[in-house]
1. For the chain, set up a Gaussian network in which alpha carbons nearer than 10 Å are linked by springs, and say which option among Phe249, Phe47, Phe396 fluctuates the most.
2. Out of Asn33, Thr321, Gly160, whose Cα points farthest toward the positive end of the dipole of the chain (charges: +1 Lys, Arg; -1 Asp, Glu; placed on Cβ)?
3. Please check the chain for the longest run free of trypsin sites (Lys or Arg not before Pro) that are loop-located per DSSP (anything but H, G, I, E, B) and have at most 12 other Cβ atoms within 10 Å.
4. Is the C-alpha gyration tensor of region 106-172 telling us rounded, prolate or oblate? Criteria: a/c under 1.5 is rounded; beyond that, a/b larger than b/c is prolate, otherwise oblate.
5. Treat each spin label as a single point 7 Å out from the Cα along the C-beta direction, and report the Ala96 to Glu327 distance in nm.
6. Can you give me the relative contact order of region 135-206 as a percent, contacts being Cα pairs under 8 Å and 6 or more apart?
7. Just want the ordering: Val367, Val256, from fewest to most Cβ atoms lying within 10 Å of their own Cβ.
8. Within the chain, what's the longest run with no GluC sites (Glu not before Pro) in a DSSP loop and at most 11 other beta-carbon atoms within 10 Å? Give the range, please.
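Each reported figure results from applying straightforward, stated rules to the coordinates on display, with no laboratory input. Being a predicted model, the structure only gives us computed values, none of them experimental. A quick note on method: Cβ atoms are made from the backbone with ideal geometry, for glycine too, and the neighbour counts reach across all protein chains shown.
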Amino acid sequence: MRLLLLVAFLSVAFASRVSYEGYKVYRLTPTANQFALLKVYRNLPGFEFWNEPHKVGAYLDMMVSPSQQSHFLDFLEEQKMHHTVLFENLQTAIDAEELHQRLAVKKPRAISFDQYYRYDDINSYLQELASNYPNLVTLQSIGKSYEGRDMIVIKISSGGSGSRPAILIDGGIHAREWIAPAMALYIINQLVENNAANSDLTDAVDWYILPVLNPDGYEYSFTSDRMWRKTRSPTSISSCPGVDGNRNFGFHWMEVGASDYPCYEDYGGEEAFSEIETQNLRDFALSNKDQIKLYLTFHSYGGYLLYPWGYTSDLPSDWRTLQDLAEQADDAHVAAGGESYSIGTSTNVLYAAAGGSDDYMKGVAGVALSYTVELTDTWYGFELPASMIEPTVTRFFAAVRVFGNYVKNNF
Ligand code: 0X9
Ligand code: ZN
């Protein structure tokens, strides 16, 4: 009976959601020729690339709607293309995740890393930290999102005199990449509530952390469409709202790897910084540019530690420093039990895409050490089960410690 009630409740509560019933996610390993053929499917209705293969032998994850299955299977068969299925029915995984979220204790006394938190819960936690640790924590709204949600940056600083070097971190520019805000939240948790064990990271360095950079999209991915990526502002096509925040920064904007068609997932916007969320982060970074020495922006998935540039295959002049530091961070991640990350520039290791926050921080805000972290894992894609949060964030915190200590010792 209770189960029946729960099922009834879930079906009413989620009636208006985008359904992924019957959607499959394929992992393909195309040859170069096959990849050229597959490109035709990009942005066709019923198909979505979850990632981009960057070299022959790398995998391509593709989400395919039910109505395209038989046609697509014929194509795979015809091409004799190697493939496995990551999700037989994506909606089944989304339902399981929702059930887990519903059953998780609401507003726990202590934060835990066995569930994903909604925007309001994240902000309540930040408020709680601000009142419990007034000597370490201050909150600042850097502005509101398009739908009017505050974008809260938590500053973690043990004080001291004069200007101290700082690290800027954000997560959640891409709504569906839920592990990114969770990672940011874990860093906050460790620096504040476990400060006794991490005081080496806060005694000489300040931290500015924005856990949810795209709050409207993040909430929308809980309430309406689990696979939402973009912001939620209107575009010139009313049925296709939202801009890819990570194509919207004003540095070599729209030069490569971004679309000018609003219905595509990598739509770069009407103009650079068309989005209030990217404007707010820009303004915050520029007003603290002398202090910020390192920038980390969390994404998922696949396990990449990327540094600029994303707009060109040219290397920045200080690439060796960026590479060495990333390798040290990765060593710590591996020592903590994690998988090794692929390291290099966005263009050379992943794909060329201009207008990213990482390029802007380095190219304009003058933050020499700028990284995009595509968190692990590699099997679940965006639909990472809540049971994977804790191992993911605790292991990567070992890498964050390396970044923190580098800034402490070098600035
Ligand atoms: O495409 C992106 O924005 C990032 N990958 S994701 O799968 N999370 O969407 C990679 C961004 C790397 N940085 C730049 N291209 N500037
Ligand atoms: Zn992303």
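1. Sorting by GNM fluctuation, first place goes to Phe47.
2. Checking the options against the dipole of the chain, the answer is Gly160.
3. 110-411
4. oblate
5. Distance between the two pseudo-spin positions: 3.9 nm.
6. Values: 77 pairs, mean separation 23.5, N = 72.
33 percent.
7. By the 10 Å Cβ count, ascending: Val256, Val367.
8. 89-270
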